[in-house]
Structure formats: structure tokens, C-alpha cells
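Data first, discussion second: the structure below is written as C-alpha cells.
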Amino acid sequence: ERLFEEAAAGGNITGEDAFRLHDTYGFPLELTRELALERGLAVDEDTFTRLMAEQRERSRQSSSFEVGVQIVGEARSEFVGYERTEVLTAIAALEPLGEGRFQAKLHESPFYPEGGGQVSDAGFIEHEGTGARADLLRAARVGDDQMLTFSGEGFVVGDRVRAVVPWSVRFPTMANHTATHLLHAALREVLGDHVHQAGSAVRADKLRFDFTQGQPLSAEELERVERIVNERIFENLPVHTFETPIDEARRLGAMMLFGEKYGEHVRVVEVPGFSRELCGGTHVRSTAEIGPFVILRESSVGSGARRIEAVTSGEAFALLHARAGEAQELRAELEQAHKRKAPAGGGTATLELPEATAVIDGVQVVVERVDGLTADELLELSDRVKQRASPAAVVLASQEDGRVHLVANFDGSLPARGLHAGELIREVAAVVGGGGGGRPTMARAGGKDPARLPEALSTARRLVEAALR
């Protein structure tokens with residue numbers, strides 16, 4: 001992502017920068033668009049499309065044909081990356097590109113070329129004699145062959161090199177790719193057979209899966225999908241791969257990507273009894289190797305299509321650890337507030353926070369009751385909670401001397417997503433026989449029916465969830 005950050009330094013991503021990232025470094029436009037969205041930036045896709053069309057025309061007319069003769073026309077590179085991530089081989093063909101870059105073919109290559117939703121491998125080659133090193137920028141498919149683009153110097157045709165894909169990159173990518181297959185099967189189990197893959201992006205740090213579905217998933221449906229995937233992971237099911245005639249794959253019921261062109265023989269990836277898909281990507285040997293699976297968010301990607309982003313393995317462990325820490329801090333904060341207001345001599349009741357923090361589409365949601373606080377103390381507490389769990393949507397309620405206090409305190413980015421604190425608190429307050437209002441990001445209200453506080457908080461949860469989904 002360092003290259004993307006350089007392109008984004010001036011603000012929005014220009015079409016020229018998006019094209020350079022794609023053409024020089026192998027960044028697909030889809031990835032550039034995704035990274036820009038995460039940072040609130042726009043991408044000039046019209047200019048990108050024009051530059052791509054111009055490049056295709058240039059390639060058709062002239063120079064790229066020479067590279068094709070010199071590089072692609074050599075003996076086909078043998079991909080050995082399913083079995084090995086390191087191999088001693090030789091450079092079969094090489095074409096300098098200038099600026100310290102070159103294209104090359106290896107007799108044997110462990111590098112997976114971008115395709116099927118899986119990103120190109122990262123890695124390097126190291127000269128057996130001089131120790132010179134060149135970093136892989138991109139592994140691209142060229143028919144049934146591959147073309148490698150490197151950054152480095154000091155290599156010629158015939159050099160013996162050590163080609164390496166770091167396990168720290170390959171393994172999480174494998175885990176994420178197998179997880180997309182489990183996710184696909186789980187979605188069909190929960191939502192129905194109308195669900196089909198509409199796109200995917202498998203990287204080392206996370207996965208993204210687009211699928212056909214007209215409506216957003218409810219919190220319960222997302223929880224079921226996540227649970228099913230983790231159940232298959234913890235069952236330690238084998239992951240089988242085999243090649244077969246495409247007619248036999250169809251007979252076996254293997255899932256195929258709509259619109260994809262397949263040859264007479266295809267590669268099938270199977271988790272027995274649960275998932276069977278045509279796939280040329282790299283995968284783990286058993287589901288247990290994936291580790292925990294955590295859904296980050298579910299969102300729309302257009303009419304009739306939804307997107308799920310998720311993490312596995314080390315990224316999932318890190319996320320779960322961070323969430324546990326945040327939940328513990330929130331629990332401590334709320335318990336301290338509760339203790340300060342406990343009746344003298346009456347002891348301190350245990351504060352139950354079974355759902356102190358939920359995450360909906362990347363937003364920390366806290367909807368909780370903390371009795372005994374004044375309206376000002378409740379607002380102060382909501383500020384601290386919001387700061388601890390940014391970006392957050394916080395709704396707190398308190399019963400004090402027969403009165404009800406309510407506060408909604410939202411991150412500044414949430415009104416643009418349809419979450420208005422003043423409107424929400426007004427509807428919640430009506431449940432407890434009160435009223436109030438305020439700004440889009442902060443609002444307070446009161447009420448006179450403490451017995452209906454559980455219903456009021458349930459209403460708050462429902463409204464927050466509906467807005468964020």
C-alpha cells in the first residue's frame with residue numbers, strides 16, 4: 001500500500017496515477033478503488049479507462065508484439081507454486097523495461113500470477129553467484145504462461161537464481177482463499193441457492209467476496225454465516241484439489257464463476273461434504289489452518305449485489321484481541337460510573353454487559369443502561385466511551401430518582417450514513433414517555449417511565465442497526 005499512499009498524497013487519485021499503479025506495479029483498479037474508499041478519496045475512473053484504451057491500441061499496433069516474441073515466445077514457464085514456495089531455477093528470457101525494472105520468465109516459477117480473484121504473489125529472485133536481488137512487482141498470466149515483472153538489476157538470460165515466495169505472504173493468502181470458498185457455501189446455506197459469486201479479492205491481509213443478493217443481511221444472518229464458517233474450520237476438514245474434465249466437474253456439481261471461460265480440463269477445490277468449486281488459486285491443506293474467521297462488514301456494491309469483507313488467521317487474532325481490549329475498557333468505564341452512584345451501604349450490583357460493544361459495518365455500537373447517573377454525568381460518560389471506541393455510535397440511558405436520562409453520541413462520519421442523533425433520541429424518548437432532541441452527532445432527552453427502559457434501548461439498537469446496514 002506504500003505505492004498507493006504516494007499516489008494519494010495530493011488528495012484524490014488521478015486517472016494517471018491509477019493507470020500507473022495498474023500498468024507499472026500491477027495494482028488492479030478494483031484494489032485502488034477499495035483503498036480510496038477506505039480513505040474517503042475519489043478515483044478518476046474516466047481518465048483511467050481512456051488511458052487503458054490507448055494502451056491497448058498501442059499494444060495492438062506495435063511494440064508489445066516484440067516483447068511477446070522475445071519473452072512469451074520462449075519455452076513455457078512451469079508453475080510449481082502449488083507444491084513449493086522456493087525453487088532454484090534459471091532465467092529463460094529477459095527484457096529490460098528501464099528505470100531499474102525488467103520482465104522475465106523463469107524455467108520454473110513458484111510465483112502465483114494474478115487471477116481468479118487472488119492477487120499476484122509477492123517475492124524475489126536472488127542471483128546464485130553474485131547475491132543480487134530483484135523484488136517481484138507482479139506475476140501476470142499470459143495465456144497458459146506467465147510474465148514476471150521485477151525491480152532490480154544485474155540479471156541476464158541463463159543466470160541461476162533462487163526464486164522465493166515468503167511464507168508470511170503465501171500462507172495468509174491461501175487461508176483467505178479457502179475461506180472465501182467456505183463463505184460462499186455458508187451464504188448459500190443461510191440465504192439460499194440464488195447466491196452466486198459476483199467477484200472477489202483475495203489478499204494476504206483480508207478477503208472480499210461479492211455475491212448476488214438483493215437485500216442486506218440481518219445481524220442474525222451474518223452471525224449464522226460467520227458461525228458456520230468457523231464450525232467448518234474447527235472441524236479440521238481436508239481440502240482436496242484435483243483436475244478433471246469439465247463435464248465431470250459439472251456432473252459433480254462444482255460451482256463455476258458466471259461468465260468465466262473454462263478449458264476442457266479444470267481444477268477443482270473441494271471441502272468434502274460442504275464446498276466444491278472450480279479454482280486455480282492456492283489453498284491450505286485443511287480448514288483448521290485458516291484459523292479464526294471474522295466478518296468485518298457487509299455492504300452494497302450495486303443493485304442485486306452485496307459484499308462481505310473478512311479476515312482470518314493472524315489478522316483475525318489481532319482484531320479479536322483489540323476488540324476484547326476495547327470491550328474490557330468500556331466495561332471498566334461503565335462499572336466505575338455505576339460504582340460512583342451506588343447507594344451508600346447498599347453494595348455494588350454487578351453490571352452485566354453482554355453486548356457492550358458490537359461492530360456493524362466497521363462502527364463500534366454501544367447501547368447500554370447505567371443507572372444512577374445524572375444527565376450531565378451520562379453525557380460525560382458517553383464522550384469517554386466514544387473516544388475509546390472510534391468510530392462509534394453510543395446510546396446510553398440512566399434511571400435517577402425515578403427519572404430517565406438518555407443520550408446519543410455519534411462519530412462525525414455517521415450522519416452522512418443516515419444516523420442522526422437528534423432524530424434517534426426523539427424516537428427512543430417517546431418510548432419512555434419523554435422527549436428531546438439535538439444535533440446530528442449529539443442529542444439528549446428525558447423520560448418519566450423507567451419501566452420501559454429495556455424497550456427503549458431495544459428501539460435504539462434497532463434504529464442504529466437499520467441505519468448502518
Which angle from 0 to 90°, rounded to the nearest 10, does the C-alpha axis of helix 421-431 make with the longest principal axis of the chain? 50
Using the basic label-point model (7 angstrom from Cα toward the beta carbon), what is the THR49 to GLU99 distance in nanometres? 2.6
Estimated FRET transfer efficiency when R0 is 41 angstrom, pair SER413-MET256 (beta carbons, to 0.05): 0.55
Label zone at SER390, where the point sits 7 Å out along the Cα-to-Cβ direction: the range 409-451 residues whose backbone N lies under 11 Å: 411-413
Taking 7 Å along the Cα-to-C-beta vector as the label spot, tell me the HIS194-THR241 distance in nanometres, rounded to one decimal. 3.5
Return the sequence-ordered ³J(HN,Hα) values of the range 140-156 in whole Hz as given by the Karplus equation 6.51 cos²θ - 1.76 cosθ + 1.60 applied to θ = phi - 60°, using x for Gly and Pro. 10, 7, 9, x, 9, 10, 9, 10, 10, 10, 10, 10, x, 9, x, 10, 9
Could you give each residue of the range 230-237 its phi-based ³J(HN,Hα) in whole Hz, using Karplus coefficients 6.51, -1.76, 1.60 with θ = phi - 60°, and x for Gly or Pro? 5, 4, 5, 5, 6, 6, 6, 6
Taking 0.36 nm per residue of sequence separation and subtracting the Cα-Cα distance, how much length would be gained by fully extending the chain between GLU78 and ALA219, in nm to one decimal? 46.2 nm
Using only Cα atoms, tell me the angle between helix 29-38 and the longest principal axis of the chain; keep it within 0 to 90° and round to the nearest 10. 20
Simple SL model, points at 7 angstrom along Cα→Cβ for SER303 and ALA332; separation in nm is 5.2
Given the rule -39500 (n - 2.57) for each run of at least 4 DSSP H residues, summed and divided by the residues of the chain, what is its mean residue ellipticity at 222 nm, to the nearest 500 deg cm²/dmol? -11500 deg cm²/dmol
What is the fewest-to-most order of PHE410, PHE211 by other Cβ atoms lying within 10 Å of their Cβ? PHE211, PHE410
Taking r as the C-beta separation of ARG20 and ARG141 and R0 as 30 Å, the FRET efficiency to the nearest 0.05 is 0.90
Sort GLU30, GLU99 so the one with the fewest other Cβ atoms within 10 Å of its own Cβ comes first. GLU99, GLU30
In order through the range 278-285: 3J(HN,Hα) via Karplus (6.51 cos²θ - 1.76 cosθ + 1.60), integer Hz, x for Gly, Pro: 6, 6, x, x, 8, 9, 6, 8
How far is the Cα center of the range 273-318 from the Cα center of the range 375-440, in Å? 35
Helix 167-191 versus the longest principal axis of the chain: what angle, 0 to 90°, nearest 10, using Cα atoms? 60
Structure-derived Cα extents along the principal axes in Å: which label, when the choices are (1) 89, 59, 42; (2) 85, 51, 43; (3) 107, 59, 53: (2)
Interchain or sequence-distant (5+) residues whose placed amide H lies within less than 5 Å of the amide H of HIS196 are THR212
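Rule-based calculations on the coordinates, nothing more; no lab input. Given the structure is predicted, the values throughout are model-derived calculations rather than measurements. Every residue, glycine as well, gets a Cβ built from its backbone with ideal geometry; the counts of neighbours run over all protein chains shown.
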